[in-house]
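Peer 1: Quick one: the structure is below, and I'll ask about it shortly.
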């Protein structure tokens with residue numbers, strides 16, 4: 001009996017030890033660092049301040065943050081518009097081909113996103129495939145400037161994150177009872193009404209989950225805006241990376257990270273609230 | 001939408017997802033170095049890749065770290081799932097909550113909080129720090145995979161074993177682990193691909209002594225890339241597909 005409790009104690013103790021060291025303490029350090037005084041030129045001083053957070057509200061940083069949020073929001077919307085019909089088609093596919101079709105969505109999802117971004121460069125650069133084809137068929141006289149544009153960053157974000165949208169949408173659409181649509185039709189709903197008043201509300205958890213899985217990473221993917229957007233387009237991720245590696249301003253970068261995490265937490269809470277409310281509505 | 005249009009739309013989305021990857025694959029076999037034109041089939045780039053020490057080291061490092069981090073994450077994640085499922089103890093909800101927050105945290109936040117930890121501990125950035133960072137990335141995914149497998153378990157087997165005098169270790173070793181095996185292996189493969197897929201966490205938590213493939217390609221993209229990188233991308237994609245197909249096979253067995 002004593003040996004048994006020891007086994008139990010060791011497992012629980014070991015798990016708490018690593019969770020404390022590798023998760024809780026790092027988060028606490030990050031949180032603590034965001035209140036330290038220090039700047040690009042000056043060494044970090046252990047004097048508590050709110051200056052870092054106030055600096056986040058300065059017009060330059062706020063403008064960047066709004067741009068970044070806008071960029072991520074548009075990319076999310078594009079993923080939703082492209083992904084929803086696709087997920088619906090996938091959910092209706094025959095049971096024999098469906099696993100294969102799903103696997104084909106998973107493969108790009110798991111391929112290293114830097115490799116995928118590099119693949120996009122091959123497509124978009126001045127002497128790349130897109131320009132090559134357009135020139136060959138005389139649709140353009142000069143190569144188009146596709147790389148280092150906001151358009152390229154959009155393409156990169158949508159390309160990288162589209163599978164993250166499709167998979168939760170697919171799960172939600174798959175779980176929907178098709179008889180509900182028949183019932184709607186029998187009760188005289190048009191196809192459009194059926195879609196907006198039956199399908200969309202029922203798949204809302206999938207829509208929200210997919211949107212978060214696209215929106216949150218989109219804010220951080222600094223390498224996509226680096227490689228495809230040049231120096232012009234800035235994401236929150238670029239800002240945080242630069243604070244750490246270029247300006248060596250750890251407190252500032254920490255404050256930006258904490259703000260990003262809090263925003264994420266807020267969205268998760270809203271999501272679970274929306275989920276439980278919708279669950280109740282379905283019961284009624 | 002009629003079926004024909006649906007098929008066309010699905011094909012267009014697949015084309016969007018696969019066209020860039022296909023182009024990389026095609027160019028890895030093209031004997032022309034820079035131009036778009038197809039100049040004939042060649043395996044030269046694969047041979048050149050084999051002799052490109054820097055690129056091969058980076059790729060090998062990526063695979064080594066993926067295997068090691070997956071093993072560590074599987075160990076920690078399986079134990080975490082086991083105690084969460086089997087025991088009631090103070091702090092259980094905190095553990096659940098932390099795993100959830102770890103899973104949901106943006107990569108860049110995980111990367112930076114760990115970077116600050118490593119700086120505070122004065123650990124030099126390299127293999128060890130990257131190993132821990134990738135394990136942190138993967139553990140919650142292993143824990144949820146294994147936990148979902150536990151959900152369907154008949155609890156009376158464990159009770160029966162205890163009544164017959166099995167120790168907690170014997171319960172774990174002889175009942176829980178064999179039953180959870182497919183999920184444990186599936187979790188390992190999932191972690192392996194997660195680690196191979198990562199860019200952001202590697203970017204912050206490894207040093208120049210231990211360069212991994214995505215970072216190597218990152219620094220090469222700006223300077224211009226030779227086609228042996230295409231060949232390497234094809235090899236890495238093949239490894240990813242293999243791990244993915246295997247993990248899906250293993251996870252499907254539970255049904």
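Peer 1: What shape does segment B:1-42 have by the C-alpha gyration tensor, where a ≥ b ≥ c are the square roots of the eigenvalues, rounded means a/c under 1.5, and otherwise prolate means a/b greater than b/c and oblate the rest? Numbers along the way, then the final one.
Peer 2: Details: a/c = 4.35, a/b = 3.61, b/c = 1.21.
It comes out prolate by the Cα gyration axes.
Peer 1: Something else: Provide a whole-number value for the mean count of partner chain Cβ atoms within 10 Å of the Cβ atoms in peptide B:111-123.
Peer 2: Working: counts 5, 15, 15, 6, 7, 13, 9, 1, 3, 4, 2, 0, 0.
Mean inter-chain Cβ contacts per residue within 10 Å come to 6.
Peer 1: If a/c stays under 1.5 just call it rounded; otherwise compare a/b with b/c (prolate if a/b is bigger, oblate if not). Do that for segment A:51-283, with a ≥ b ≥ c from the square roots of the Cα gyration tensor eigenvalues.
Peer 2: Numbers: a/c = 2.35, a/b = 1.28, b/c = 1.83.
The shape class here is oblate.
Peer 1: How tilted is helix B:127-151 with respect to the longest principal axis of chain B? Cα atoms for both, answer in degrees (0 to 90, nearest 10).
Peer 2: Around 60 degrees separate the two axes.
Peer 1: Also: When the chain is fully extended, how far beyond the present Cα-Cα distance does residue B:162 get from residue B:57, taking 0.36 nm per residue of separation?
Peer 2: 32.8 nm
Peer 1: What is the distance in Å between the Cα centroid of segment B:141-167 and that of segment B:176-226?
Peer 2: 31
Peer 1: Is the protein assembly as shown rounded, prolate or oblate when judged by the Cα gyration tensor, a ≥ b ≥ c being the square roots of its eigenvalues, rounded requiring a/c under 1.5 and prolate requiring a/b larger than b/c?
Peer 2: Taking the square roots of the gyration eigenvalues as a ≥ b ≥ c, the protein assembly as shown is rounded.
Peer 1: Here is a further query. Any idea what angle helix B:107-120 forms with the longest principal axis of chain B, computed on alpha-carbon atoms, 0 to 90 degrees, nearest 10?
Peer 2: 80
Peer 1: Here's another thing I want to ask about it. Give me a single rounded figure for B:204-214: the average over its residues of other chain Cβ atoms within 10 Å of their Cβ.
Peer 2: Counting other chains' Cβ atoms within 10 Å and averaging over B:204-214 gives 1.
Peer 1: Here's another thing I want to ask about it. Using helices alone, I'd like the mean residue ellipticity at 222 nm for the protein assembly as shown: each DSSP H run of four-plus residues gives -39500 (n - 2.57), total over residue count, nearest 500. Numbers along the way, then the final one.
Peer 2: On the way: 25 runs with 397 residues, N = 539.
Helix contribution divided over all residues of the protein assembly as shown: -24500 deg cm²/dmol.
Peer 1: R0 = 45 Å: FRET efficiency of residue A:57 with residue B:42, Cβ-based, nearest 0.05? Spell out each step's value before the answer.
Peer 2: Numbers: r = 57 Å, r/R0 = 1.27.
After rounding, the FRET efficiency stands at 0.20.
Peer 1: R0 = 35 Å: FRET efficiency of residue A:92 with residue B:22, Cβ-based, nearest 0.05?
Peer 2: The computed FRET efficiency comes out at 0.85.
Peer 1: So what's the angle, to the nearest 10 degrees on a 0 to 90 scale, between helix B:177-197 and the longest Cα principal axis of chain B?
Peer 2: 30
Peer 1: Could you compute the FRET efficiency for residue B:50 and residue B:12, with r as their C-beta to C-beta distance and R0 at 35 Å, rounded to 0.05?
Peer 2: Calculated transfer efficiency: 0.40.
Peer 1: So what's the gap between the Cα centers of segment B:54-132 and segment A:171-211, to the nearest angstrom?
Peer 2: Between the Cα centre of segment B:54-132 and that of segment A:171-211, the gap is 39 Å.
Peer 1: Along Cα→Cβ, 7 Å out, is where each label goes; now give me the distance between the ones at residue A:272 and residue A:73 in nm to one decimal.
Peer 2: Going by the 7 Å Cα→Cβ label model, 2.6 nm.
Peer 1: When you count, for each residue, the other Cβ atoms within 10 Å and take the mean per peptide, how do B:144-153, A:109-118 rank with the highest first? Let's see the in-between values first.
Peer 2: On the way: B:144-153: 17.3, A:109-118: 22.9.
Going by the mean number of other Cβ atoms within 10 Å, highest first, we get A:109-118, B:144-153.
Peer 1: Here's another thing I want to ask about it. Per residue of A:120-132, count partner chain C-beta atoms within 10 Å of its C-beta, then hand back the mean as an integer.
Peer 2: Mean number of neighbouring Cβ atoms from other chains: 3.
Where a number appears in this text, it was derived from the coordinates with a stated rule and is not lab data. What you see is a predicted model; the values in this text were computed from it and never measured. All Cβ positions, glycine included, derive from the backbone under ideal geometry; neighbour counts span all protein chains shown.
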